[in-house]
Every structure is written in C-alpha cells, then in structure tokens.
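Enquirer: Below you will find the structure I want to go over with you.
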Amino acid sequence: MKPKTSATGQEDLFRSRLDQILNRRHPLFRLANTIDWSVFDKEFGSLYVAKIGRPGLPIRLLVGLHYLKHAYNVSDETVVGQFIENGYWQYFCGFEHFQHEFPLDPTTLVKWRKRIGPKGMEKLLQVTIETAKGKEYVTEKHLERVNVDTTVQEKAIAFPTDARLYHKARRILVRLAKRGGIELRQSYERLGKRAFIMQGRYSHARQTKRAKREQRRLRLYLGRVIRDIERKCEAPDSLLATILERAKRIFGQKRNDANKLYSMQAPEVECIAKGKAHKKYEFGCKVSLVSTSEDSWIVGVQAVHGNPYDGHTLKDSLDQAQALSGWRPQHAYCDKGYRGAPATLGNTEIHLANKKKKSMKASAWKWYRRRSGIEPIIGHVKQDHRMERNYLKGEEGDKINAILAGCGFNIRKLLRAILLWLFKERFKGIDLNLMSLLEGLPRRFQAI
C-alpha cells in the first residue's frame, strides 16, 4: 500500500518540533532542506499498490537511511539503532518530532532494495548530483573533463581454497539431505572436519605432500556424498538440485580451468588478478567509476560482471555519467589499462596516461596529472563508504552496493561544502590569507 503523508495531529500539540530544537546551521540540517525529496515519491510511487496491504513506510525515510548508512559507513542494524539517538538523522529522514521508537526493522531495508533494484538506486545517485548542481558545486564546466578507472569490489566470502570448497560443499549437501529426509550412507562430518583441520595445519607448516593428501580426502568425501544423494533422490527439489550442480562443478574443476566456482552461496564471484605482491587476486566483481577531474565528484559508478577488459566498460560508463548529470563529458582521462580503446567515443576524447610532459603544453599536462586524482577517491569509497567488502546478495547486490557507495561519497562532499560555506559566511570580511587557512579546516572534522 502507498505510504501515508505525515500530518501533525493533536497528540503532537505539546511536543517541540525538531526544527525548533536543532541547530539550523548544522550541515545535515541544511542538506535535509536542500535535497528535493519529492523526486523519490514520483519515481518510486508506482511501485506501491493503492489500497492493498499494510501502508508503506515513508519513501523519504528509506532513502534517507540508505544515504546515512553509506555516508557514515554503518550496517543496516546500526543505522536504524543510531536513528533513535540522533535528532539530526531523524530530521534528515523527514520526521517533524523526535522519535522514541524504531521506525522499522532492519530487514525492511533489504526488502526495499530488492524492490527498487539497481536502476532505482541510480536515481539516488542522480539526486546527489542534482543537489550539487543546484548549489553550483557541480557545473557544466566540471563535466568537460572526467577521470575514469576500474577497481574490484570484493565479495564477503572466505578465501576460496580447494580444501575449503570441498569441505563446505559437502557440509551444505549433508544439511540439505537431512532436511529432505534422505538417509545418507555416511555424512563424513567427523572425518571431514578432521581432514580440513589437518590440511590447514600441514599447509601452515609447509608440509605440502601431507596437505595434498588431506585435500584429496576432502574431495573423496564430497564425491561420495554427491553420488549417494543422486542414487537415493532421483527428483530433487529446486534448491537441492542447484546445490548439487554447484557441488559437481567444485568437484570437477581443475587448477587452470576457466569460469571456476569460488563460493557455494555466491556463484557470481569472479577471480580478478590484481598483480601486486601483497594481494595477487581479488574475488568479487569489477566496478567502473567516473569522477570529475575538477573537485572530484562521482558522476558514474556501475558494477560489471564477467571480468571484462577495461576499455569495453568505457562506453557504458560515459553514457551513465551523461544520463545522471545531464552533460556529456568532452574529455576522459584513463590509465594504461584502457589501451586499445578508441580515440573518441561519441563526442568524448579519450586520453591515456602514456604521454610525456615534454611533448605537450603545461595547460594540457595539468589535466594528465589530475588523472591520478581518482585513485584516492577509490580508496575513500572502499574504506569509508562500504565498497571494500560487499555483503549484499547476488549480482544485483553488487550493483546496488557500488551505486550506494558513490551516493555516500557525494553526500559527504555535500556536507563538507556546506560546512565550508558556513565558515566563509561567519568569517566574511576577514583577510584572504586567513580564509585560505579556514578552507582546510572542514577536512579535519571527522564527524562530517
């Protein structure tokens, strides 16, 4: 059922409104009044039925909680818990009076994300860009030159060694067989657990022959359980059939096979070579980011599966940046991973970071130097906005988490921009040298 509009009743007659209690100069208070929240009602209102079921929660509440979650790097449970304690968060989510009870269960956020989907989440990112455009923090001049790069969004899975995959696949099959009333000849719970522990100990001690022997035992136990279930259950249900198919893939895959399975619960996970000594491989999906060369606003972010070559993601990334911002980038600066990409895509010139300073003018070299400015953006998005490990399910979860991480990054930039404007307003007329010192001050505010 469609959410009801909040209206002040008689029970609120003797309660103070939040806008009378809170500091109106607080950046979150000002940002709440700056964002055009009516856009979400128009965009997502069609997903609600008119007169069937329980009335839905306010859309602004759900959107605001997702903004806060990724802006402050907290989980679903934590953002709902801190909502009760923080009056500014309540005002940001559209409440007029202080709330003393939880407005929703954290699982509601999971269901809402599934209902909205990745396309709906792009609207959340677009609104952050439109808010920055409304305050002229982002102009058409900013979109003339963008930086494009890819990174890896790791999935929240254990490191997929062969021994662990054999052990986990067998345990899941045994659990499903017991649930379905299939009486196995032997479950290998005790022997499998011991073999898995000893394989880890031998590997740690670098006793490779003994470790491989225990690994072969784990594979043997898995194969016996698979064959036992197939003999005793000719027509398994959909869940057991899916798990059996994945277990067979793990049982049969070799070291150098392509399209290997790295997780029983997350079959979409891919192995992406990082090429660095401290972490040779990452397990997740590739994410393409587009940021403005000037002022570093994220104007495009999308997760892509299949581990494509970076140059093949460039066209979709630029098209997304144009769709979200309304302006087509004229110049895109990429690293050497995009070698082989065309010199122009649409009306956008592609510049690769393989030029020398002596071969160009100083004005052109300035923007080539700015290409590396997207690297710290990727670091902040991972470390501060929940893209380092993705806990959302499936390929859609990968796409949603990547987009929301970009939303969190832009929300924090909006808060810093508002705080800087407040400092300039407060100290208007002070010497410019002192104002240049004040411009660096907001970056030290950890709460923002």
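The values are calculated or read from the model by the stated rules, or taken from the named source; none is laboratory data. As the structure is a prediction and not an experimental result, all values here were calculated from the model. FYI the Cβ positions are ideal-geometry reconstructions off the backbone, even for glycines, and counts take in every protein chain you see. Just the protein is used for accessible areas: all its heavy atoms, side chains included, with ligands, DNA and RNA removed. Shrake-Rupley method; radii C 1.70, N 1.55, O 1.52, S 1.80 Å.
Enquirer: Taking amide H positions as placed 1.01 Å from N in the peptide plane, with prolines and chain starts having none, which residues 5 or more places from D149, or on another chain, fall under 5 Å of its amide H?
Expert: L289
Enquirer: Quote the convex hull volume per residue of the stretch 268-390, based on C-alpha atoms, as a whole number of Å³.
Expert: Given the Cα convex hull of the stretch 268-390, per-residue volume reads 130 Å³.
Enquirer: Pop out the carbon and sulfur fraction of the accessible area of the stretch 359-425 as a percent, whole number, probe 1.4 Å.
Expert: Its accessible area is 51 percent carbon and sulfur atoms.
Enquirer: For a quick protection proxy, order the peptides 386-398, 242-254, 404-416 by their average other-Cβ count within 10 Å, most packed first.
Expert: 404-416, 386-398, 242-254
Enquirer: Enumerate the calculated ³J(HN,Hα) couplings along the stretch 332-341 in order (Karplus 6.51 cos²θ - 1.76 cosθ + 1.60, θ = phi - 60°), each rounded to whole Hz, writing x wherever the residue is Gly or Pro.
Expert: Ordered by residue, 3J(HN,Hα) equals 10, 10, 10, 8, 6, x, 9, 4, x, 6 Hz.
Enquirer: Continuing with this model, one more query. Given the peptides 417-425, 41-49, 272-280, 322-330, arrange them by the average over their residues of other C-beta atoms within 10 Å, most packed first.
Expert: Per-residue Cβ counts within 10 Å, averaged per peptide and sorted highest first, yield 322-330, 417-425, 41-49, 272-280.
Enquirer: Taking 32 Å as the cut-off for C-alpha to C-alpha distance, list the pairs among K209/K280; K212/K274; K209/K232; K274/K424; K168/K232; K315/K356 that go past it.
Expert: K209/K232; K274/K424
Enquirer: Then there's this: Can you give the Rg/Rh ratio of the chain, where Rg is from the C-alpha atoms and Rh is the Kirkwood radius?
Expert: Result: Rg/Rh = 1.04.
Enquirer: Follow-up question, since we're still on this one. Amide H of Q302 versus every other amide H placed in the peptide plane: which residues, excluding those fewer than 5 positions away on the same chain, fall under 5 Å?
Expert: Sorted by chain and number, the residues that satisfy this are S288.
Enquirer: Tell me, what are the semi-axes, in whole angstrom and largest first, of the equivalent ellipsoid of the stretch 182-246 as set by the roots of 5 times the Cα gyration tensor eigenvalues?
Expert: Gyration-tensor ellipsoid for the stretch 182-246: 29, 11, 9 Å.
Enquirer: Determine Rg/Rh for the stretch 120-168; Rg is computed over alpha-carbon atoms and Rh is the Kirkwood hydrodynamic estimate from the same atoms.
Expert: When Rh is taken as the Kirkwood radius, the ratio is 1.34.
Enquirer: Based solely on its DSSP helices, what 222 nm [θ] is calculated for the chain when runs of n ≥ 4 H residues each add -39,500 (n - 2.57) and the sum is averaged over all residues, nearest 500 deg cm²/dmol?
Expert: Helix-only estimate at 222 nm: -16500 deg cm²/dmol.
Enquirer: Express the accessible area of the stretch 5-151 per residue in Å², computed with a 1.4 Å probe while the remaining protein chains stay in the model.
Expert: That works out to 51 Å² per residue.
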